[in-house]
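Structure record follows, encoded as structure tokens.
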Amino acid sequence: ESIKTVLMSPENRILIKRMLIKCADISNPCRPIDRCIEWAGRISEEYFAQTDEEKRQGLPVVMPVFDRNTCSIPKSQISFIDYFITDMFDAWDVFADLPNLMEHLDNNFKYWKGLDERKLRSLRPPPE
């Protein structure tokens, strides 16, 4: 009943739509682990290429953390989850009840944290 009340307002519907679009845009940490890792790699490579090009052209580096020689992908993912994802998806979960997404988020955070604790900077641990 409270959701129906929220949806009655055109302003609230617009806000919910905007939040849905934003959540969809940054939802990688809420995907199953294999997809999360794949897309974290793709996104990181895009940022590495941007940093490489900025350096090549002598431009200011917009995201110095994405220097391919020094970047820790696990640390970047942990920071992204901590600063942008957790609170937003916690709020969305209260509104829409998203147990699968929240479970993926928890598992992915633990995965990146585990790599970071092992001082690994890559997407995956080395083969054993």
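Points to keep in mind about this one:
- Cα shape, the range 49-128, gyration tensor, a/c 1.5 rule: oblate
- For the range 28-74, Kirkwood radius (reciprocal of mean inverse C-alpha pair distance, Å): 11.4
- With N as its number of residues, the range 1-93 has a Cα radius of gyration that, divided by 2.2 N^0.38 Å, comes to 1.42.
- Its DSSP H runs of at least 4 residues, each contributing -39,500 (n - 2.57), put the calculated 222 nm mean residue ellipticity of the chain at -21500 deg cm²/dmol, to the nearest 500.
- What the phi angles of the range 118-125 give under the Karplus curve with 6.51, -1.76 and 1.60, with θ = phi - 60°, is a coupling list of 8, 6, 8, 10, 9, 5, 9, x Hz, glycine and proline written as x.
- The value of relative contact order for the range 1-80, using C-alpha pairs under 8 Å at least six residues apart, is 17 percent.
- Subset of LYS22/LYS110; LYS22/LYS75; LYS55/LYS75; LYS55/LYS110 violating a 26 Å alpha-carbon distance limit: LYS55/LYS110
- Figure note: ARG68, ARG18 ranked by solvent-accessible area, largest first, 1.4 Å probe, ligands and nucleic acids not counted: ARG18, ARG68.
- Net charge contributed by nearby residues that have their C-beta within less than 13 Å of LYS113 (K/R +1, D/E -1): 0
- With θ taken as phi - 60° and the Karplus curve 6.51 cos²θ - 1.76 cosθ + 1.60 applied, the whole-hertz 3J(HN,Hα) list for the range 95-106 is 6, 10, 6, 10, x, 5, 4, 5, 5, 4, 4, 4 Hz, x standing for glycine and proline.
The values are calculated or read from the model by the stated rules, or taken from the named source; none is laboratory data. Every value quoted in this text rests on a predicted model; they were computed, and no experiment measured them. Here the Cβ is made from the backbone with ideal geometry for all residues, glycine too, and neighbour counts use every protein chain on show. Note: accessible area is taken over every heavy atom of the protein model, side chains too, but ligands, DNA and RNA are not part of it. Shrake-Rupley method; radii C 1.70, N 1.55, O 1.52, S 1.80 Å.
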